[in-house]
């Protein structure tokens with residue numbers, strides 16, 4: 001028998017080529033991930049900022065619409081007008097600078113809008129800020145008439 005056929009030389013060459021191929025595959029894959037991952041994360045951050053900006057604008061528009069629909073009773077109307085004026089001023093700012101807002105500014109504006117949302121929810125339930133008390137002047141008038149009206153003398157001036 002031929003001893004050259006029984007050697008494992010062809011197996012060593014096959015395994016060596018396979019190892020070199022796997023090494024270069026891993027190297028290329030790592031380089032691809034090293035380049036692709038930062039680009040992907042940057043695009044994710046950009047989309048996250050765009051989504052936050054769009055959510056802010058949607059909430060802002062719904063707030064302005066909601067305050068326009070508040071029932072116009074005397075106390076509710078005044079409170080709704082104050083918030084509407086604030087939202088109108090914010091609208092001018094947002095239309096001018098919305099593309100330049102960073103994530104921190106968007107979060108701060110969103111927090112303010114969440115506060116306005118709480119006010120809107122309260123007003124939609126017809127609950128004004130504070131309460132309106134009725135004053136009954138009859139007790140005061142009775143005490144005043146019982147004591148009698150005493151004339152008040154003007155204060156003495158220094159001469």
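Shown here: region 10-129, whose C-alpha atoms stretch 96, 29, 17 Å along the first, second and third principal axes, sorted largest to smallest. The simple Förster model, with R0 at 41 Å and r as the Cβ-Cβ distance, assigns residue 86 and residue 141 a FRET efficiency of 0.45.
FYI, it's all coordinate maths here, none of it is from the lab. Note that the structure is predicted; figures quoted are calculated from it, not measured. No Cβ is skipped: glycine too gets one built from the backbone with ideal geometry, and neighbour counts run over all protein chains shown.
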